[in-house]
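Reading through the structure tokens given below for one structure.
The values are calculated or read from the model by the stated rules, or taken from the named source; none is laboratory data. None of the values given here were measured: they were computed from a predicted structure. Please note: Cβ atoms are built from the backbone with ideal geometry, for glycine as well, and neighbour counts cover all protein chains shown. The area values use the complete protein model at the heavy-atom level, side chains included, leaving out ligands, DNA and RNA. Shrake-Rupley method; radii C 1.70, N 1.55, O 1.52, S 1.80 Å.
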Amino acid sequence: MSRARFLPAVVFFGLLLTLPWWLRDAYLQQIVFRVVIFAILGIAWNLVGGYAGQLSLGHVAYFGIGAYSVALFHETWDWNPWLGTLAGVVLACLAALLIGSLTFRLRGPYFVLSTIAAAEILRLLALNLSFTHGAIGMIAPGFFEEPNGDRKTYYAALPLLFLAFALTVWTHRSRFGYYLRAIRENEDTAMAVGINPAVEKLKALLFSAALVAAAGALYAGVFQFIGPDSVLAIDMSVQMALIAMLGGAATVWGPIVGAVVLTVAAEALKTYLERAHTFFYGLLLVLVVLFLPGGLVSIAKQRWFRRTAPRAQAA
Amino acid sequence: MAALQAILNGILVGGIYALIAMGMALVFGVMRLVNFAHGAFLMVGMYVAYFGYTLFHINPYWGCALVGAALFMMGMAVYWLLIRRVMGQSDFLQILLTEGIALCLVGAAQLLFTGDYRSISLPLADKTANLGPLNFNVAYGVSFVIAVLGVTSMYLYMKYTEMGRAIRGVAQNPGVAPLMGIRVRWISGISFAFGVACAGGAGALLLPVFYVNPTIGSPYNLKSFVIVVLGGMGSVEGAALGGLILGVTEGLTAYYWSDSYTQVVDFVLFLAVLLLRPQGLFGKKAP
Amino acid sequence: MAPLLQLKHVVKRFGGLLATNDVSFDVEEGEVVFIIGPNGAGKTTLFNLISGYVTADSGEILYQGQNIVGLKPYQTTRLGIGRTFQIVKPLPSLTVRENVMLGSFLHARSRAEAGKKADEVLGFLGLDRRADQLASGLPLAQRKLLEVARALATGAKLLLLDEVMAGLNPTESAEVVTLLRKLKDFGVTAVGGVEHIMRVVMALASRVVVMDQGGKLAEGSPQAVVHDPRVVEAYLGSKYQKGGAPP
Ligand SMILES: Nc1ncnc2c1ncn2[C@@H]1O[C@H](COP(=O)(O)OP(=O)(O)OP(=O)(O)O)[C@@H](O)[C@H]1O
Ligand SMILES: [Mg+2]
């Protein structure tokens with residue numbers, strides 16, 4: 001039984017590792033790469049938004065910090081992108097420390113708004129400061145030389161996804177995860193069992209920001225061109241939330257399911273309707289909130305219970 | 001003198017801000033709901049006014065009342081179809097729902113009208129008038145006057161009509177209101193629709209002095225939050241005053257620093273007020 | 001030795017309302033002190049003050065000789081003050097065992113150890129058969145017990161029980177009384193209780209503090225207190241005014 005629990009993970013990561021052998025089409029491979037990046041983002045958001053229940057709509061700030069670090073440190077000091085990534089992760093953690101210690105004092109809509117404001121301040125700075133080249137954006141170095149640079153970057157992204165996934169599995173079962181869920185459901189109860197909500201939320205945000213920043217750095221390395229509207233747009237924050245919610249917030253597989261479904265659906269839609277993606281995301285968000293607040297994973301769970309319940313009785 | 005000019009410009013914009021923010025304050029006060037689609041409704045209002053002008057030659061100045069009415073109906077419909085279902089649920093879901101509605105509206109506008117920038121040119125928009133040594137754009141001036149009329153009539157409506165009193169009753173004491181025979185749901189719907197109408201009407205007033213495109217609403221979204229927080233969340237009069245303050249702050253920022261940093265200052269101000277004076281600049285009670 | 005808990009001239013205002021008006025009393029180790037008083041007398045507020053959910057405007061609250069005014073609730077919990085909530089606050093999406101584990105995590109080194117401690121507490125309170133059920137599905141009586149279980153699991157030395165018997169039928173409350181007598185087995189050295197059911201108070205309390213309108217009206221042994229004319233007056237008077245028994 002306990003070994004069977006690992007089966008889906010083994011299959012999933014096995015498929016991703018062997019991707020070039022069973023999926024030869026470069027376009028499709030690119031979509032899988034996007035799924036991987038979005039899954040990392042969804043998983044990272046899920047720690048704060050799902051487990052801790054803090055609706056952050058400013059997570060793009062950490063993505064932008066990761067992406068801009070790669071570009072900026074390369075331009076000014078000729079750092080290689082790996083060093084830039086490391087710097088981005090450290091800077092994102094510092095930003096998370098600052099933003100978190102300010103915003104986590106607020107609750108409900110005030111918290112949500114303050115996360116947006118913090119991210120928007122960063123976007124506007126990137127848009128107006130001279131060393132970020134404003135709206136023009138920046139050129140970022142690739143992580144690998146050609147040939148096969150994309151494939152190598154893909155293999156660089158997989159460990160990050162695995163790390164994020166493992167972190168979630170651990171969170172789901174550990175004291176830390178229970179503490180986050182307690183905070184989500186009732187801070188008074190949480191404090192009554194000795195939990196310091198501010199500290200636990202901050203821990204979750206640090207993990208989350210580090211992952212998002214690393215994903216942002218990867219994004220910069222792959223697209224090699226970034227700007228305020230691509231790596232600091234508020235829409236991307238909403239997208240991270242949508243991925244986690246669509247799949248199932250505070251579940252291990254939710255963000256991955258969400259990333260797969262959303263990316264594939266958006267891609268399929270794009271062939272028919274060029275400019276429909278914003279509308280599509282909005283519609284999905286409305287539908288999920290109204291009809292599927294537990295996400296797609298919750299349907300699967302219900303099905304599974306219905307199937308196994310009689311069998312369990314018979315046994 | 002130039003600083004005074006900056007303040008005057010700020011006041012003119014601030015009047016329109018006040019109208020926008022008042023709608024948001026109303027919805028927050030009555031329903032404890034932060035409408036993340038507020039800016040999107042403003043954008044819809046601008047498009048309605050735009051097509052009213054280009055297709056039917058309806059001047060946005062008197063057309064803003066029509067736009068407000070149209071958006072009122074739209075707000076009603078959105079309330080009954082969607083918002084109603086999440087009332088009483090966590091703010092987490094409420095916020096995500098209104099954010100989803102915002103994306104739908106923006107996305108629909110992109111599909112229907114493309115991302116192009118559109119604007120109308122009223123003859124008025126080229127004229128400047130003098131106020132002592134200061135001067136101002138006449139179109140801004142007219143928009144300001146109409147916005148102030150809108151804010152004032154809204155205020156009087158809230159104060160002196162039966163419905164207005166019921167709305168304030170719910171805002172002040174949602175628990176007790178049903179006991180006094182007030183139908184909270186109905187009131188919530190009306191308030192939401194009023195809020196949307198304010199955004200739409202303000203959109204019409206912005207059209208003569210601004211361009212419209214599908215994403216034009218999102219800065220206004222955040223701006224009205226700033227204003228509502230400045231004025232004390234949920235206080236309609238506070239929001240009116242907050243609008244003027246924000247307008248003047250922006251005017252002065254543009255003058256002393258740079259046009260590009262007005263929004264940065266907006267948001268820093270917002271965070272500072274939330275963290276240091278969460279009851280707003282004028283509120284007395286701690287939340 | 002100094003008392004486990006000492007309140008000295010504690011004052012708390014909510015706006016114009018004096019919810020706690022110059023209240024002083026001690027709780028010694030080994031004692032079970034019950035606070036009684038009409039609705040709105042300020043009993044829950046006292047517990048909120050001790051556990052740090054509200055902060056006293058003036059006065060001192062000493063726990064093991066240390067002034068704990070200004071400490072946050074999680075800090076008082078870590079010092080060994082456990083509490084239940086009058087309005088029960090279980091986490092509905094977690095199972096009963098997981099709810100209790102939240103408490104036992106505080107001093108457990110591993111998840112397994114926390115689970116073991118939780119099972120001990122659940123067994124003691126007779127909730128073991130419900131352990132794997134979602135807390136949202138529990139009937140009220142057992143949700144009250146769950147509150148106690150969670151507080152016990154934190155390893156509390158001083159346990160504050162806010163109306164854990166309210167809403168239980170006589171058989172159930174008799175069972176709980178028997179259980180509460182054995183709390184020492186779990187390292188609880190003193191109990192503070194709020195209860196409206198006098199039968200329970202008489203059975204458990206070694207001392208009773210009577211509150212009325214924020215102030216301490218009387219203090220003494222249960223027998224002495226119920227015969228105190230001021231207490232009778234406050235109780236009957238207020239019951240009569242409110243036209244009914246307390247909930
Ligand atoms: N956080 C608060 N803010 C404002 N007023 C409060 C607060 N907490 C309690 N009060 C008020 O303080 C007074 C005492 O309340 P408290 O809950 O302590 O009474 P109680 O003795 O526990 O009553 P009951 O028997 O009904 O539980 C009440 O008038 C109550 O309304
Ligand atoms: Mg009480």
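Check A:Val112, A:Val89 and return the single one that is in contact (Cβ under 8 Å) with a residue 60 or more places away in the chain and of a type in the set (A, V, I, L, M).
Details: A:Val112 fails: in contact (Cβ under 8 Å) with a residue 60 or more places away in the chain.
Exactly one of A:Val112, A:Val89 is in contact (Cβ under 8 Å) with a residue 60 or more places away in the chain and of a type in the set (A, V, I, L, M), namely A:Val89.
Mind listing whichever residues of region C:32-55 are of a type in the set (Val, Ile, Thr), open to solvent by less than 10 Å² (accessible area, probe 1.4 Å) and within 13 Å of ligand 2 (Cβ to nearest atom)?
C:Ile35, C:Ile36
Condition check ((1) surrounded by fewer than 22 Cβ atoms within 10 Å (Cβ to Cβ); (2) touching a residue at least 24 places away in the same chain (Cβ under 8 Å); (3) on the phi > 0 side of the Ramachandran plot; (4) within 19 Å of the chain's Cα centre (by Cα)) across all residues:
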residue: C:Gly70; (1), (2), (3), (4): yes, no, yes, no
residue: C:Thr95; (1), (2), (3), (4): yes, yes, no, no
residue: C:Gly115; (1), (2), (3), (4): yes, no, no, no
residue: C:Leu122; (1), (2), (3), (4): no, yes, no, yes
residue: C:Arg130; (1), (2), (3), (4): yes, yes, no, no
residue: C:Leu152; (1), (2), (3), (4): no, yes, no, yes
residue: C:Ala156; (1), (2), (3), (4): no, yes, no, yes
(message) If C:Gly82 satisfies all but one of (1) within 14 Å of ligand 2 (Cβ to nearest atom); (2) within 14 Å of chain A (Cβ to nearest Cβ); (3) in contact (Cβ under 8 Å) with a residue 12 or more places away in the chain, what's the number of the condition it fails?
(response) (1)
(message) Restricting to region C:1-31, and then to whatever is away from chain B (no Cβ under 14 Å) and near ligand 1 (Cβ under 7 Å from one of its atoms), can you tell me which residue is most open to solvent (accessible area, probe 1.4 Å)?
(response) C:Leu17
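Of the residues A:Leu15, A:Leu23, A:Leu55, only one is open to solvent by 20 Å² or more (accessible area, probe 1.4 Å) and either farther than 22 Å from A:Leu163 by Cα or β-branched (Val, Ile, Thr) (or both); which?
Details: A:Leu15 fails: either farther than 22 Å from A:Leu163 by Cα or β-branched (Val, Ile, Thr) (or both); A:Leu55 fails: open to solvent by 20 Å² or more (accessible area, probe 1.4 Å).
Unique residue meeting the criteria: A:Leu23.
Run down B:Gly132, B:Gly88, B:Gly150 and say which single residue is surrounded by 20 or more Cβ atoms within 10 Å (Cβ to Cβ) and either more than 11 Å from chain A (Cβ to nearest Cβ) or among the aromatic types (Phe, Trp, Tyr) (or both). Lay out the reasoning, then the answer.
Values: B:Gly132 fails: surrounded by 20 or more Cβ atoms within 10 Å (Cβ to Cβ); B:Gly88 fails: surrounded by 20 or more Cβ atoms within 10 Å (Cβ to Cβ).
Result of the check over B:Gly132, B:Gly88, B:Gly150: B:Gly150.
Listed here are the residues, each with its yes/no results for (1) within 14 Å of chain B (Cβ to nearest Cβ); (2) farther than 26 Å from A:Ala67 by Cα.
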position: A:Ile226; (1), (2): no, no
position: A:Met240; (1), (2): yes, no
position: A:Glu267; (1), (2): no, no
position: A:Thr278; (1), (2): yes, no
position: A:Val286; (1), (2): yes, yes
position: A:Phe291; (1), (2): yes, yes
(request) With respect to C:Leu91, determine if the residue is away from ligand 1 (no atom under 16 Å from the Cβ), more than 18 Å from C:Gly193 (Cα to Cα), within 14 Å of chain A (Cβ to nearest Cβ) and open to solvent by 10 Å² or more (accessible area, probe 1.4 Å). (result) no
(message) So the check is Cβ under 8 Å with 6+ separation or different chains; which pairs have a first residue in region C:30-50 that's touching a residue at least 60 places away in the same chain (Cβ under 8 Å) and a second one that's within 8 Å of ligand 2 (Cβ to nearest atom) and of a type in the set (Lys, Arg)?
(response) C:Ile35/C:Lys43; C:Ile36/C:Lys43; C:Gly37/C:Lys43
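Just for region A:300-315: of the residues that are open to solvent by less than 100 Å² (accessible area, probe 1.4 Å) and more than 13 Å from A:Gly258 (Cβ to Cβ), which one is modelled with the lowest pLDDT? Outline the logic, then answer.
Taking region A:300-315 and keeping what is open to solvent by less than 100 Å² (accessible area, probe 1.4 Å), we get A:300, A:308-310, A:312, A:314.
Those left that are additionally more than 13 Å from A:Gly258 (Cβ to Cβ): A:308-310, A:312, A:314.
On the way: A:Thr308: 51, A:Ala309: 47, A:Pro310: 44, A:Ala312: 39, A:Ala314: 36.
Selected residue: A:Ala314.
So if I check each of A:Ala220, A:Ala198, A:Ala182, A:Ala190, which one is surrounded by fewer than 24 Cβ atoms within 10 Å (Cβ to Cβ), in a helix (DSSP H, G or I) and more than 13 Å from the chain's Cα centre (by Cα)?
Values: A:Ala220 fails: surrounded by fewer than 24 Cβ atoms within 10 Å (Cβ to Cβ); A:Ala182 fails: surrounded by fewer than 24 Cβ atoms within 10 Å (Cβ to Cβ); A:Ala190 fails: surrounded by fewer than 24 Cβ atoms within 10 Å (Cβ to Cβ).
None of the other options fit; the residue is A:Ala198.
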(request) Any chance you could count how many residues in region C:106-123 are within 14 Å of chain A (Cβ to nearest Cβ) and closer than 26 Å to C:Thr44 by Cα? (result) 2
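Suppose the filter is of a type outside the set (Val, Ile, Thr) and closer than 18 Å to A:Val222 by Cβ; does A:Trp82 pass it? Write out each step before concluding.
On the way: of a type outside the set (Val, Ile, Thr): yes; closer than 18 Å to A:Val222 by Cβ: yes.
Yes; evaluated as a whole, the condition is true for this residue.
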(message) Looking at the structure I just gave you, is A:Pro109 open to solvent by less than 20 Å² (accessible area, probe 1.4 Å) and away from every other protein chain (no Cβ under 14 Å)?
(response) no
(message) Which condition from (1) more than 16 Å from ligand 2 (Cβ to nearest atom); (2) modelled with pLDDT of 95 or more is the one that C:Gln66 breaks?
(response) (2)
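From the residues in region A:242-254 that are within 12 Å of chain B (Cβ to nearest Cβ) and not in a helix (DSSP H, G or I), which one is nearest to A:Gly137 (Cα to Cα)? Can you show your working first?
Filtering region A:242-254 for residues within 12 Å of chain B (Cβ to nearest Cβ) gives A:242, A:244-246, A:249-250.
Filter once more, keeping what is not in a helix (DSSP H, G or I): A:249-250.
On the way: A:Ala249: 33, A:Ala250: 35 Å.
Per the stated criteria, the residue is A:Ala249.
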(message) Residues that are under 19 Å from C:Val88 (Cβ atoms), within 14 Å of chain A (Cβ to nearest Cβ) and more than 16 Å from ligand 2 (Cβ to nearest atom): list the helices (runs of 4 or more DSSP H) wholly contained in region C:124-235 that include at least 2 such residues.
(response) C:140-153
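Would you tally the residues in region C:135-171 being in contact with a strand residue (DSSP E or B) (Cβ under 6 Å, 6 or more places away or on another chain) and away from ligand 1 (no atom under 16 Å from the Cβ)?
Quick first cut of region C:135-171, residues in contact with a strand residue (DSSP E or B) (Cβ under 6 Å, 6 or more places away or on another chain) only: C:151, C:154, C:156, C:158-163.
Those left that are additionally away from ligand 1 (no atom under 16 Å from the Cβ): C:151, C:154, C:156, C:158-159.
Residues that pass the stated criteria total 5.
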